[in-house]
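J.: Have a look at the structure that comes next, please.
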Amino acid sequence: MHKQPEMTDKTRQTFVNVFCDLYSRKPIEKISIQEIAKQSGYNRSTFYQYFTDIYELLDYVEERILKSINEEMAGREFSTHTFQDALQCLENAEDIAILKALLGDYGSVHFIERLKREIPFERLIVDFPSDDALAPYIIEFYISTLISMFRLWIRNGKDLSSEELVGLIDSLFAKGITPYHIFGSVNPRRQ
């Protein structure tokens with residue numbers, strides 16, 4: 001007898017959810033298949049019907065989120081507020097819990113590098129001369145800063161609205177930190 005597709009999708013999603021919850025709290029080396037299966041309400045043999053090991057599960061999760069973000073960005077007409085558009089793409093990604101786990105304290109640098117390579121963030125820099133020798137460095141600075149700010153925002157439970165985060169990032173890129181820092185103390189009157 002064949003399983004219903006809805007059941008297999010539900011089972012796979014349960015494994016993904018439990019894995020992401022665990023991965024957001026501890027390194028992948030400390031996560032066991034037994035632990036995932038037990039918390040999912042299944043046995044290890046059911047896990048092996050979907051994934052050969054934890055790293056294949058991680059790969060599945062990474063592929064899924066990258067595909068989701070790429071589809072979101074491809075289907076969007078970017079405005080003049082391109083970072084805000086990109087932030088909404090990341091925020092609207094299929095499951096923010098997955099992104100939180102992948103970009104969290106125990107997420108791998110490998111995923112962040114894949115994110116930089118596979119997501120067309122360079123589209124966010126309007127009218128940037130790509131033939132400039134400094135271009136790769138400036139693009140790396142820009143993209144790394146955006147991802148780091150997004151990681152912090154997710155880690156802080158989205159304590160700022162997306163508009164506030166975009167405003168802060170725009171201000172930091174335009175003016176630097178000087179308007180926020182005066183004589184060793186943070187300036188409460190953000191200029």
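The values are calculated or read from the model by the stated rules, or taken from the named source; none is laboratory data. It should be emphasised that the depicted structure is a prediction, and the values quoted were computed from it without experimental measurement. Quick reminder, even Gly has a Cβ in these numbers, built from the backbone with ideal geometry, and neighbours come from all protein chains shown. Accessible surface is based on the protein model in full, side chains and every heavy atom, while ligands, DNA and RNA are left aside. Shrake-Rupley method; radii C 1.70, N 1.55, O 1.52, S 1.80 Å.
J.: Quick one: which helices (runs of 4 or more DSSP H) sit completely within region 1-61 and have at least 2 residues that are within 20 Å of residue 108 (Cα to Cα) and not polar (S, T, N, Q)?
T.: Values: elements: 5-23, 33-40, 44-50.
Ranges flagged: 5-23, 33-40.
J.: Looking for whichever is at pLDDT 85 or above and over 13 Å from the mean Cα position of the chain (by Cα) here; the options are 165, 152, 134. Which one fits? Reasoning before the result, please.
T.: Numbers: 152 fails: over 13 Å from the mean Cα position of the chain (by Cα); 134 fails: at pLDDT 85 or above.
Just one listed residue meets the conditions, 165.
J.: List the residue pairs whose Cβ atoms are under 9 Å apart, where the first residue sits in region 24-45 and is of a type in the set (Ser, Thr, Tyr) and modelled with pLDDT under 95, the second is open to solvent by 80 Å² or more (accessible area, probe 1.4 Å) and not in a helix (DSSP H, G or I), and the two are 6 or more positions apart or on different chains.
T.: 24/105; 24/106
J.: So residue 50 clears everything in (1) surrounded by fewer than 18 Cβ atoms within 10 Å (Cβ to Cβ); (2) modelled with pLDDT of 75 or more; (3) within 29 Å of residue 169 (Cβ to Cβ); (4) touching a Phe, Trp or Tyr at 6+ places or on another chain (Cβ under 7 Å) except one condition, right? Which one?
T.: Just one mismatch for residue 50, condition (3).
J.: Could you please find all residues in region 15-44 being open to solvent by 50 Å² or more (accessible area, probe 1.4 Å) and of a type in the set (Phe, Trp, Tyr)?
T.: Matches in region 15-44: 42 only.
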